Amino acid sequence: DPKVCIFLDSAHIRSTMKFTSATVLCALVATASAFSPASLNARTSTSLYADANQNVFGSKSLEYTGGNDPNNKNYVKLKDALKEADTERRKAQEAAEARERAAEMAREERLRKIAFMRDMPDSQPAGTVDEFMFKEGVQDQLDKLDNDLVGLVAVKQRVKEIAALLVLDKMRRKLGFETAVPSLHMSFTGAPGTGKTTVAVRMGQILAKMGYSRRGHVVLATRDDLVGQYVGHTAPKTKEMIKKAMGGLLLVDEAYYLYNAANDRDYGQESIEILLNVMENNQDDLVVAVAGYKDRMDKFFSYIPGMMSRIGNHIDFPNYQSDELVKIASVMARELEYDISDDAFPVFKNYIEERMKLPYFSNARTVRNAMDRARMNSAIRTFEKFAINGENGGVCSVDDLKSIKPEDFQVLLDDILNADANKRIFA
């Protein structure tokens, strides 16, 4: 039979298997010992780490330092981040505690004030109105307004009403009553030369005297001062004018030119929005007054209702009558140290009545122009009399230098009466 059978002794097989198993086990033990930390092989105490503060992750070489990464400055250690967060949390807590203490102090002050006002008798003297009027200089400003402006009884009455509110408000504040700054923004409507700028100057000085304005000055602005010519130009111009007027009064003359209803891209709208924001948020440090013709201002307010709602004082300036304009001429002559002869006033009144019939009449401004021409005519008359004709040896008196006579106004009246219809406006 070709089959060959090999018989192995069973004892020999068992001994061979034991030897192989022992060899494998020794190899495994040696391999594990090579990778085990030395501390595991050493006999130490039962504690896993002898030092409680020992870094469990090994040496400092395991801490991240950023390496060569150019953005390594953006990385912070965990402990630093936790410390910073704890600082921010502590600051927020301190701020909250400060607000709570301030609120508590305000409540206590409020309760003390209520108790004081409750216990104060109604007969407690608060001082006289005249005392405040004269002490603060308000009466002086009202007197100047009466002297500077002829007529305009309704305007002066409105200014006095505003002054009365400010005086009484200050008296209440002195006793401890609750007070609030009233809306002092104004609207002046009327024709040119009716005294709008003069009233604005007096109001600014009254507000300064009463402590409602730091400086009391008046800054006059038009569209050219507030609106730019290209994108990004309007805001700086408007803010610059507001900065100049801070602490006083900003008078925007002919304010309706700021808004152009026919052009949605007009830059004036941006200026209006800035003014509205300042009128709302800075009303305790800036008074804004808008001025212009009444019909145009009414139309302007219809386009910008936010402007209308922020203005609490609307003052209309009526046109002057001829008698009032004659008085204005007398005031101007007095300020310039001229004497208008009595027989010259009827001639001037006749001139004013004829001039009022023509277009572009500007009330007091027209009177000022007429006075300038009368002074020039007086100078020409005096020069011819003494310098050219040599009267009195060329020596003139003080009266000659101060007098304005009827013939000085008659020249103006003749220019209107004798000029062609198309040229009368230039007379």
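The values are calculated or read from the model by the stated rules, or taken from the named source; none is laboratory data. Here the structure is a predicted model, which is why all the values come from computation and not from measurement. Here the Cβ is made from the backbone with ideal geometry for all residues, glycine too, and neighbour counts use every protein chain on show. The area values use the complete protein model at the heavy-atom level, side chains included, leaving out ligands, DNA and RNA. Shrake-Rupley method; radii C 1.70, N 1.55, O 1.52, S 1.80 Å.
Per-structure values
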read-out	value
Filtered residues of the stretch 219-234 (kept if free of Cβ contacts under 8 Å to residues at least 40 places away in the same chain and surrounded by fewer than 20 Cβ atoms within 10 Å (Cβ to Cβ))	VAL219, LEU220, THR222, ASP224, ASP225, GLY228, GLN229, TYR230, VAL231, GLY232, HIS233
Odd one out for VAL287, checked against (1) open to solvent by 20 Å² or more (accessible area, probe 1.4 Å); (2) closer than 22 Å to GLU161 by Cβ; (3) within 14 Å of the chain's Cα centre (by Cα)	(1)
Residue, most open to solvent (accessible area, probe 1.4 Å), within the stretch 153-163, restricted to residues that are of a type outside the set (D, E, K, R) and out of contact with any helix residue (DSSP H, G or I) (no Cβ under 8 Å at 6 or more places or on another chain)	VAL153
Test: residue in the stretch 110-128 that is at pLDDT 80 or above and of a type outside the set (S, T, N, Q)	no
Selection within the stretch 298-316 - over 22 Å from LEU207 (Cβ atoms) and open to solvent by less than 70 Å² (accessible area, probe 1.4 Å)	PHE300, PHE301, ILE304, GLY306
Filter pass, ARG265 being of a type in the set (D, E, K, R), outside any helix (DSSP H, G or I), without any contact (Cβ under 8 Å) to a residue 40 or more places away in the chain and surrounded by fewer than 17 Cβ atoms within 10 Å (Cβ to Cβ)	yes
Residues (hydrophobic (A, V, I, L, M, F, W, C), farther than 21 Å from GLU335 by Cβ and modelled with pLDDT of 80 or more) located in the stretch 129-158	VAL153, ALA154
In the stretch 93-115, the residues that are more than 27 Å from PHE177 (Cβ to Cβ) and either of a type in the set (S, T, N, Q) or open to solvent by less than 60 Å² (accessible area, probe 1.4 Å) (or both)	GLN93, ALA95, ALA96, ALA98
Filter result for SER271 (open to solvent by 70 Å² or more (accessible area, probe 1.4 Å) and assigned to a helix (DSSP H, G or I))	no
Count - residues of the stretch 235-252 that are out of contact with any Leu (no Cβ under 9 Å at 6 or more places or on another chain), within 11 Å of SER271 (Cα to Cα) and either of a type in the set (Ser, Thr, Tyr) or free of Cβ contacts under 8 Å to residues at least 12 places away in the same chain (or both)	1
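This table checks each residue for (1) in a loop (DSSP other than H, G, I, E, B); (2) more than 15 Å from VAL138 (Cβ to Cβ); (3) open to solvent by 40 Å² or more (accessible area, probe 1.4 Å); (4) modelled with pLDDT of 85 or more.
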position	(1), (2), (3), (4)
LEU168	no, no, yes, no
ARG202	no, no, no, no
GLN205	no, no, yes, no
TYR212	yes, no, no, no
GLY216	yes, no, no, no
PRO236	no, yes, yes, yes
ILE242	no, yes, no, yes
LEU251	no, yes, no, yes
